[in-house]
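Contents: one structure, followed by commentary.
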Amino acid sequence: TLQIKGIKDTWVLVSAHRMKRPWAGQVEKPPEEHIPRYDPRNPLCPGNTRANGEVNSDYDSTFIFENDFPALQPDAPDPGSDQHPLFQSKAARGICKVMCFHPWSDVTLPLMKKHEVLKVIDKWAGLVEELGTKYPWVQIFENKGAMMGCSNPHPHCQVWASNFLPNEPALSDRCQRAYYKKHGEPLLLQYARQEAEKKERVVVENSDWLAVVPYWATWPYQTLLLPRRHVLRITDLTTGEREGLADIMKRLLTKYDNLFEISFPYSMGWHGAPTGTHLKEDNSHWHLHAHYYPPLLRSATVKKFMVGYEMLAQEQRDLTPEQAAEKLRNLPEEHYKTRENQEKEGGNEKEG
């Protein structure tokens, strides 16, 4: 057992021996594997009517619309400034969008073609550029799988833009700024270079990107996606870097699915330098990155619970980052569904 310090001045307890303990706790239902390509009742499918009566376009690529049940609205009232210090509030304004990755419900990012993933990346950048002119924070995030609270299997993500810097990016901003001031180099840029040299926590890499199980990871198979070049925001990526991102996303997410041969659940999101009024500031301490937080621990049906000690003391993990990285790194890069389909087709040819 040891403690590992993270980039946000917090510590993680690593207790790798706990993986040997017997499990008699909750077992999750495996994800549905037979999802129809088109469902007339699914509000995210092309041409279908959503809850508010809006009809989706008959889209054949990506599709973006304003969330029918937004958590943020652009005209939230101001509660006023006359408040007790223990009961403070302020207006939270913003806009929430939904982005469908693909017209088919039975595909996910690792099963999409590389040029289709590239279109998703381009749309992400477009939304950050559009919403970032007004809002200081634009959060791209994807909740994949019912285990992560996703209520619809259709491949999609959400983009929330807010008039404030939320807690996690605000903390990340402070820690990166402090490191830059002390060491004269962006924290995550130096970290990416160190991980590229060590190799022990690298899962996949290419000439422009690096995916690692971070040294301070809390979730069992958590990964961090980093550009090798110093990049502030997703809008700053070159055409080549976007193509490299499509490649590494497909490879990483294929390994995730291959780990337990299921459509792997996770929550993911992008963090980059703030936007809005911050566009005029020096944000050299920032380095673009994406977080992947998958809950599964031992199998397709046993997840990691962040409860008890994790909630009341500090985060704890049950295998080392190096063990997790090695397990993911050694998995094949051909998706298990592709292999199964090829085997079925081969069997049918033999029978014929």
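The values are calculated or read from the model by the stated rules, or taken from the named source; none is laboratory data. Just so we're clear, the structure is a prediction, and the values are computed from it rather than from any experiment. Backbone-built Cβ (ideal geometry, glycine too); neighbour counts: all protein chains shown. Only protein heavy atoms, including side chains, enter the accessible area calculation; ligands, DNA and RNA are left aside. Shrake-Rupley method; radii C 1.70, N 1.55, O 1.52, S 1.80 Å.
Couple of notes before you dig in:
- In Å², nearest 10: area of S284 left accessible to a 1.4 Å probe: 30
- Relative contact order of the stretch 133-193, taken over Cα pairs closer than 8 Å and 6 or more residues apart, is 29 percent.
- Short-range pairs are left out: with C-alpha atoms under 8 Å and at least six residues apart, the relative contact order of the chain is 22 percent.
- A straight chain from L13 to D60 at 0.36 nm per residue would run longer than the Cα-Cα distance by 12.3 nm.
- Point-charge dipole on Cβ atoms (K/R +1, D/E -1) for the chain, about Cα centre, debye to 20: 1060
- Those trypsin sites (Lys or Arg not before Pro) in the stretch 150-228 that DSSP places in a loop and that have at most 16 other beta carbons within 10 Å: K199
- For the stretch 170-226, averaging the sequence separation of C-alpha pairs within contact (under 8 Å, six or more residues apart) and dividing by the residue count gives a relative contact order of 20 percent.
- Note on the stretch 79-178: Kirkwood radius taken over Cα pairs, Stokes-Einstein applied at 20 °C and 1.002 mPa s, translational D equal to 134 µm² s⁻¹.
- Expressed as a whole percent, the accessible area of the chain that falls on carbon and sulfur atoms is 51 (1.4 Å probe).
- Accessible area per residue, Å², the chain with all protein chains present, probe 1.4 Å: 50
- Projected-area average for the stretch 247-352 over all orientations - Cα convex hull basis, square nanometres: 11.2
- Candidates per chymotrypsin sites (Phe, Trp or Tyr not before Pro) in the stretch 47-111, loop by DSSP, up to 12 other Cβ within 10 Å: F87
- Most to least packed among 136-146, 33-43 [average Cβ atoms within 10 Å]: 136-146, 33-43
- Alpha-carbon spread of the chain, three principal axes, descending order, Å: 77, 55, 44
- Alpha-carbon centroids, the stretch 188-261 and the stretch 76-127: separation in whole Å: 22
- Full extension of the segment from N206 to S81, taken as 0.36 nm per residue of separation minus the current Cα-Cα distance, would add 39.9 nm.
- Helix content alone sets the calculated 222 nm mean residue ellipticity of the chain: runs of n ≥ 4 DSSP H residues at -39500 (n - 2.57) each, divided across all residues, give -9000 deg cm²/dmol.
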